[in-house]
1. Pull out the extension gain between residue 155 and residue 90, defined as 0.36 nm times the separation in residues minus the alpha carbon to alpha carbon distance; nm, one decimal.
2. For region 48-68 and region 77-137, write down the distance between their C-alpha centroids in whole Å.
3. Note the full-extension length gain between residue 147 and residue 106 as 0.36 nm times their separation in residues minus their Cα-Cα distance, in nm to one decimal.
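Values quoted throughout were computed directly from the atomic coordinates according to the rules given, and no laboratory measurement underlies them. Computed from a prediction, not measured in an experiment: that's the story for all the values here.
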């Protein structure tokens, strides 16, 4: 009985660590790590000479525990932050960093979309050119790190992403990059 309990405990510890160790990267903007799947990812800049850009995607959590996207990293920019849009008292929209990250509920999804939550690239190290890809590492509180090749799509219009899947509502537009 003690051996069975010990083995079960070791197996549980191993499988709890696997999501943090597993890292999957796929071109085309889709990747999976543990119960987290990123779909329909794309990146864009507002102009070829723009100093900033953004990435958008649908993050699904097939697990039984809530998770949170807590950070992102990329060599494509000097700084990469998680941002959202908020409206001030005068009705003006502005982007702000979300230091706590974005929740991804168990059995649910969280949409990063233009006019709402997004990954922000500041101080681009090279232009974001249509048809190229940007390597981005997404860091989740529970699932760990996921590195994904995100296609740059400068043609995509607002409302075309995420195939009509649920989101948490847009807040208007912030140019072409947010």
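1. Between residue 155 and residue 90, full extension yields 20.2 nm more.
2. Taking the Cα centre of each part, region 48-68 and region 77-137 sit 7 Å apart.
3. Values: separation 41, 0.36 × 41 = 14.76 nm, distance 2.12 nm.
Stretched out fully, the residue 147 to residue 106 stretch lengthens by 12.6 nm.
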